[in-house]
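The values are calculated or read from the model by the stated rules, or taken from the named source; none is laboratory data. Given the structure is predicted, the values throughout are model-derived calculations rather than measurements. In this analysis, Cβ positions are derived from the backbone assuming ideal geometry, glycine residues included, and neighbour counts consider all displayed protein chains.
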Amino acid sequence: MYKIKRISHVGLTVPDVEANVDFYENIVGLEISARVDGAAFLRCNEDHHCLALYPGETRGLHHLGLEVHDQEALQVAHKELLKSGVTPETHEYVEPGHGEARFYRDPDGHLIELSYGMETVSAPLKPREIRPLQYGHITIMTIDLARALEFYVGVLGFRISDTVDGAVAWLRCNQEHHGVAFLSSNLNKVNHYAYDLTGWEDMKRLCDHLWRNNVPIIYGPSRHGPGNNLFIYIPDPAGNIVEMTTELAQIWDEESYQYLNWDNSPGTVDIWRGLSQPDYMLAGDGRDPNDWSAGSAVIGQGWYVPEFEEFVAMDPDAKVIAPTAMSPELCIEIPQFTLGFDNPLDHVKAMVSSERRYPTGRGLSVAADIAVEVNGTDPNPFGADPDDPRLASGSIGLIDDSTGVVINFEISNGRVLALREVFRVTTPAGDTGAILPMADPTHLDLEIDPGSWHRYEIRYSPGDDNWLRPGPDSVQWLVDNQIVHEVNWVATVDPPGSPIIKPARFRVNLSIFTLLDDLPDGRGGTLDGLDPDYENTTFGQGVTARWRNVEVLEFGQQRHLE
């Protein structure tokens, strides 16, 4: 078995290389050692680089740099990988500062760079407020923990240092407690990576440095159980999570060392306080995607525009204005709708959805301040109230794609509509016909001024389920903290149909809608719409909708690593 010498560096793609170079130089204490083809290479000691930043549309892992001892070790590693069915890849990116390199993919598709001979830089480093001692480790989220361990332990020769059964494994390739860790997840991505500091005094000085430069500490300071290291976690400008750590355990006696299987509890990773990481940190995001106070692109930073085959959920004439520090709100402006379909997709004129699916658990709340202005509905082809939200609206809502449950607030110039809907979902076993689609739109007895800000909140509760008897689901719609509508229902299906699975994970949608066609009533009938044949769905109406202070809360949950 060949041996990996160390994790030498990490390569990342970032949308703005220069913003991140500034952060890593002035906040983390690294220093530029080279620039090639728009990429920047930074060091923290005499090694040529510990971080490589490559330009890219989104942030992500470009490659993980594993260093072997020499050219002979590289050849041995190559042969062993071939025997294991891992074939090398050719990559044309330029990376200075080390000897020959070979490239492979791990089971999750991450690029692994095996190289030897990291060059040294003789020029002294410039004085910095803080400077890491060395590159530390990386933690990667994987959809198949057993498969990842089979590759890194069974093929690459890493050793297990500690585990949380079925959830996390910390691996080493030398005396450092871990150089790579794997976190079981429904995602394949980097969770965080780390730099080692010289000691506790540096950690204190760093915290003061972060405070003076308005860089948030998203977790810590505290001490981990596995590894016994002190830590803080901070975000970089691209949204990566950076751990600054010290006092990592050293394992010198390979023969007698026995790893521990730790409890899956907050006290494992935060032994001083027993606090859980923020949800967004568990998802591998350095900043809460719903926090726009410092500005955010929103789309591409925790949110996306859904696409269904050839349909893109954004009117071609839509103007999307991203939040800034001066104006931390998302604005979507469509002067006149042009997007039209002769099917239910026509409802959606613009939609921005959360990448995260929020578990319903004991309940879920989504809220936002929303201001909506509708134009072009007076007159309209149907003789309807110009303020009828079915003509055009701004919205906040929840949808569970597995069960088809939709819960929306839809807001026009002067009126508000609460909508509960279940659309048909086809399962792998086919459509039994037992679940009938339904919609329950309710015009609320509420009047608002056009373009006025109000706080809209949806609270969903799954109820208490008994054996073979589901408890009642309930939804409350609140405006400015006052309940304005409430619905309770019991999800049942008569035999031989399969039981309905209650909503498990909701995504949040910020949308602009029309709702003009007939809707199913859940009993095989229909609720009459304004335009059942999709003949006049775009008649000159338009919407400007603005959202700010988006907040998603999970009731009664204290989740850790699961």
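For the stretch 487-506, the criterion of a residue being among the β-branched types (Val, Ile, Thr), at pLDDT 95 or above and either part of a strand (DSSP E or B) or within 30 Å of Asn536 (Cβ to Cβ) (or both) is satisfied by no position.
Each residue in the stretch 513-541 was checked for being aliphatic (A, V, I, L, M) and closer than 13 Å to Met438 by Cα, and 2 of them qualify. Out of Gly463, Gly542, one residue alone is at pLDDT 95 or above and touching a Pro at 6+ places or on another chain (Cβ under 8 Å). It is Gly542. Can you spot a residue in the stretch 374-396 that is under 26 Å from the mean Cα position of the chain (by Cα), aliphatic (A, V, I, L, M) and assigned by TED's automatic domain parsing to the domain that holds Leu519? For the stretch 374-396, residues under 26 Å from the mean Cα position of the chain (by Cα), aliphatic (A, V, I, L, M) and assigned by TED's automatic domain parsing to the domain that holds Leu519: present. When the stretch 247-288 is filtered for residues that are in contact with a Ser or Thr (Cβ under 7 Å, 6 or more places away or on another chain) and either touching a residue at least 60 places away in the same chain (Cβ under 8 Å) or buried (at least 20 other Cβ atoms within 10 Å of the Cβ) (or both), the ones remaining, listed by number, are Ile251, Tyr259, Asn261, Trp262, Pro266, Asp270. Does at least one position in the stretch 68-90 carry a residue that is in a strand (DSSP E or B) and surrounded by 19 or more Cβ atoms within 10 Å (Cβ to Cβ)? Checked the stretch 68-90: no residue is in a strand (DSSP E or B) and surrounded by 19 or more Cβ atoms within 10 Å (Cβ to Cβ). Scanning the stretch 140-150 for residues that are without any contact (Cβ under 8 Å) to a residue 60 or more places away in the chain and either hydroxyl-bearing (Ser, Thr, Tyr) or in contact with a Leu (Cβ under 9 Å, 6 or more places away or on another chain) (or both) returns Thr142, Ile143, Leu145, Leu149.
Determine if the stretch 509-521 includes at least one residue that is β-branched (Val, Ile, Thr) and either at pLDDT below 90 or in contact with a Pro (Cβ under 8 Å, 6 or more places away or on another chain) (or both).
For the stretch 509-521, residues β-branched (Val, Ile, Thr) and either at pLDDT below 90 or in contact with a Pro (Cβ under 8 Å, 6 or more places away or on another chain) (or both): absent.
If you filter the stretch 289-326 down to residues that are among the small types (Gly, Ala, Ser) and closer than 18 Å to Phe513 by Cβ, you find that the one that is surrounded by the most Cβ atoms within 10 Å (Cβ to Cβ) is Ala313.
Val94 satisfies every condition listed in (1) in a helix (DSSP H, G or I); (2) exposed (fewer than 14 other Cβ atoms within 10 Å of the Cβ) except (1). May I ask you to verify whether His49 is buried (at least 19 other Cβ atoms within 10 Å of the Cβ) and more than 25 Å from Pro216 (Cα to Cα)? Taking the combined requirement at face value, the residue satisfies it. Against the list (1) closer than 21 Å to Ile138 by Cα; (2) part of a strand (DSSP E or B), the condition Arg35 fails is (1). Restricting attention to the stretch 294-310 and to residues that are in contact with a strand residue (DSSP E or B) (Cβ under 8 Å, 6 or more places away or on another chain) and not aliphatic (A, V, I, L, M), the residue that is nearest to Asn213 (Cα to Cα) turns out to be Gly295.
Taking every residue in the stretch 97-125 that is buried (at least 16 other Cβ atoms within 10 Å of the Cβ) and pairing it with any residue that is charged (D, E, K, R) and assigned to a loop (DSSP other than H, G, I, E, B), at least 6 positions away or on another chain, the pairs with Cβ-Cβ distances below 6 Å are Gly97/Glu119; Ile112/Asp106; Tyr116/Asp70; Val121/Glu46.
Listed conditions (1) among the acidic types (Asp, Glu); (2) modelled with pLDDT under 95; (3) touching a Cys at 6+ places or on another chain (Cβ under 9 Å) are all met by Glu31, apart from (2).
Tell me, yes or no, whether the stretch 383-393 has at least one residue that is farther than 24 Å from Leu516 by Cβ and among the small types (Gly, Ala, Ser). Checked against the condition, which is being farther than 24 Å from Leu516 by Cβ and among the small types (Gly, Ala, Ser), the stretch 383-393 yields no hits at all.
Among the conditions (1) outside any loop (DSSP other than H, G, I, E, B); (2) crowded, with 23+ Cβ neighbours inside 10 Å, Asp369 misses just one, which is (2).
Taking the conditions (1) over 27 Å from the mean Cα position of the chain (by Cα); (2) in a loop (DSSP other than H, G, I, E, B) in turn, Leu187 satisfies each one other than (1).
Within the stretch 99-115, the set of residues being in a loop (DSSP other than H, G, I, E, B) and at pLDDT below 95 comprises Gly99, Glu100. When the stretch 289-344 is filtered for residues that are within 26 Å of Pro520 (Cβ to Cβ), within 21 Å of the chain's Cα centre (by Cα) and touching a residue at least 24 places away in the same chain (Cβ under 8 Å), the ones remaining, listed by number, are Pro306, Phe308, Ala313. For Lys79, the criteria (1) modelled with pLDDT of 95 or more; (2) more than 21 Å from the chain's Cα centre (by Cα) hold in every case but one, which is (1).
Restricting to the stretch 124-153, count the residues that are aromatic (Phe, Trp, Tyr) and part of a helix (DSSP H, G or I).
As a first pass, look at the stretch 124-153 and keep what is aromatic (Phe, Trp, Tyr): 135, 151-152.
Filter again for part of a helix (DSSP H, G or I), leaving 151-152.
Within the stretch 124-153, residues that are aromatic (Phe, Trp, Tyr) and part of a helix (DSSP H, G or I) number 2.
Among the residues making up the stretch 519-546, those that are surrounded by fewer than 16 Cβ atoms within 10 Å (Cβ to Cβ), assigned to a strand (DSSP E or B) and in contact (Cβ under 8 Å) with a residue 12 or more places away in the chain are Asp521, Leu527. Which residues, counting only those in the stretch 223-256, are over 30 Å from Gly300 (Cβ atoms) and among the polar types (S, T, N, Q)? Across the stretch 223-256, the qualifying residues are Asn228, Asn229, Thr246, Gln250, Ser256.
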